[in-house]
Amino acid sequence: MIQPDEVRQQILDRIKPLGTETIPLEEATHRFLASSISTRDPIPPFDNTAMDGFVLRAADTSSASESTPVMLPVVATIEAGMPGDTPLESGQAMRIYTGAVIPPGGDCIIPFEKCLQYDSEKVTLDRPIGTGSHIRKMGEDVVAGESVLEPGIRISPAAIGLLASIGATEIPVHRRPRVAVHSSGNELVEINSDLNPGQIRNSNLYSLCARLQRWGAITLPRPVLLDNIDAIRDGLQETLALEPDAIITTGGISAGDLDYIREVAREMGDDVQIRKVAMKPGKPLVDGLLGGVPFFGLPGNPAACLVSFEMFVRPALARMEQRPDGIHPVRYGILQTGDPVPPGDRMRLLRGRFSPDPEGGADRVEIPSGQGSHLLSGFARANCLVKIPAQEQTVKPGDLVEIWSLTDEEA
Ligand code: AMP
Ligand code: MG
């Protein structure tokens, strides 16, 4: 048996970045920025008011007090969108609305609600106003010529807003992997079929495509590979012709006589490794290159194929897209009630549920029963994998356990 981390490293060593593409801003949310973006325009592009009120010169208000109020004539109104280029002379006020340009000469704002009195002709103040009060300065958010976003970040809705504000319409991003997915096995039928004896529905195709789409990959669902060497070879050749960035198969990689994927991958590929990984579930694995394309022969058991995806495929896809989140960020939670987990000779990735502690302490983790690699019901309710290292002492309720969130990449 080989350690999972070693296998993952060997897989990563074969992966090359896919390169970049330029896409419209509207499609860029959640993509990974490929190069830094700078702006010609400062943001805000001009000094403007943060409040509705009056724009003044602070010096005109310095003597204002409750006993000696200052009255200024209102000589104009500036609304948002107006040029605001008429100078404000000493001793004058202008009515102004949020987002409107501060006119030349104006240097502070008094909000309507802070005025002693006001009408369309005059405003009266009973206090001095500080210079710059309620003024949003040009370039306060972004200075002209500076980079607004650095390469590598995931483009959030706020980043979309920032890019829109500087007029960036075409965004350079890393290309997303196109991943072909084949199931294999003579027992598999379409999910809309009734089952004859011996048949099961091809659920792995759907779970893997769903996982890939959640990850942000582009899926190429492919036909089931029947359990014979020629069919597998032909099927994989047809898939290679589509020039995917990765190929995944499920099933057909255990030690059984009918498990031909291993053989065909060896025959067609380069550096194809047939593994016994010290991991449960997910012991069988085939990985290598088919026609230069990273290939992953995942186990057929439905829970095992999804766990192997998290361990081996996710990091590889991340490297292709230059994403920083390929390897699950480690977090910990406290195991709640349930059966103790005895020590084992393989790393285990149990399907669990973590939830916040109502008292604000460490997350709580539950491991439901039904952990077999062929069982999906528990997995369907899980939101994390619980990693129990090999040779660990019995892990029991109250212990701190490592968890891999299955929802992190949404952040
Ligand atoms: P195999 O590795 O091909 O022997 O498959 C292991 C187990 O996973 C068998 O019980 C298969 O019937 C099951 N299995 C394989 N492929 C799929 C699939 N696409 N959907 C659901 N179950 C599968
Ligand atoms: Mg099979």
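The values are calculated or read from the model by the stated rules, or taken from the named source; none is laboratory data. Treat the numbers as computed from the prediction; the structure is a model and nothing was measured. Note that we place each Cβ from the backbone using ideal geometry, even for glycine, and neighbour counts take in every protein chain shown. Accessible surface is based on the protein model in full, side chains and every heavy atom, while ligands, DNA and RNA are left aside. Shrake-Rupley method; radii C 1.70, N 1.55, O 1.52, S 1.80 Å.
Observations on the model:
- Using a probe of 1.4 Å on the protein chains alone, the accessible area found for Thr219 is around 30 Å².
- Accessible area of the stretch 159-274 belonging to carbon and sulfur atoms, whole % at 1.4 Å probe: 48
- Glu267 paired with Thr337, simple spin-label distance in nm, labels 7 Å along Cα-to-beta-carbon: 5.6
- Per-residue Karplus couplings for the stretch 231-236, computed as 6.51 cos²θ - 1.76 cosθ + 1.60 with θ equal to phi - 60°, are listed in order as 5, 5, 4, 4, x, 5 Hz, Gly and Pro entered as x.
- Inverse of mean 1/r across different Cα pairs in the stretch 81-153, Kirkwood, Å: 14.7
- Looking at the stretch 98-256 alone, DSSP beta bridges between its own residues are antiparallel in about 15 percent of cases.
- Candidates Ser35, Ser203, Ser133: whichever shows maximal mean-square fluctuation once the chain is modelled as a Gaussian network with Cα springs under 10 Å: Ser133
- Point-to-point label distance, Ala164-Glu243, nm (Cα→Cβ direction, 7 Å offset): 3.4
- Segments 189-200, 150-161 sorted - mean Cβ within 10 Å per residue, highest first: 150-161, 189-200
- Once Rg and the Kirkwood radius are both taken over the C-alpha atoms of the stretch 1-95, their ratio Rg/Rh works out to 1.43.
- GNM flexibility winner over the chain from Arg346, Arg40, Arg222 (Cα, springs under 10 Å): Arg40
- FRET E, pair Asp41, Asp408, Förster distance 41 Å, beta-carbon r, rounded to 0.05: 0.70
- Per-peptide average of other Cβ atoms within 10 Å, ordering 178-184, 121-127 highest first: 178-184, 121-127
- Counting only Cβ charges, +1 for Lys and Arg and -1 for Asp and Glu, the dipole size of the stretch 127-264 around its Cα centre is about 980 debye.
- Carbon + sulfur, % of accessible area of the stretch 53-146 - ligands and nucleic acids excluded, 1.4 Å: 51
- Annotation: Cα Rg of the stretch 302-411 relative to the compact-globule expectation 2.2 N^0.38 Å equals 1.07.
- In the context of the full set of protein chains, the chain has a per residue accessible area of 47 Å² (1.4 Å probe).
- Site pair Glu113 and Ala362 shows an inter-label distance of 4.7 nm when each label is modelled 7 Å from Cα along Cα→Cβ.
- What separates the Cα centres of the stretch 223-265 and the stretch 112-152 is a distance of 65 Å.
- Computed over the chain, the alpha-carbon pair-distance distribution with 10 angstrom bins reads 4, 18, 20, 16, 12, 9, 9, 8, 3, 0, 0, each value a whole percent.
- Once you divide the Cα radius of gyration of the stretch 293-348 by 2.2 N^0.38 Å, the number left is 1.45.
- Sequence of Leu18, Leu375, Leu317 when ordered by accessible area, the most exposed leading, probe 1.4 angstrom: Leu375, Leu18, Leu317
- The distance separating the Cα centre of the stretch 39-92 from that of the stretch 159-185 comes to 44 Å.
- Listed residues Leu298, Leu236, Leu116, most fluctuating in the chain (Gaussian network, C-alpha, under 10 Å): Leu116
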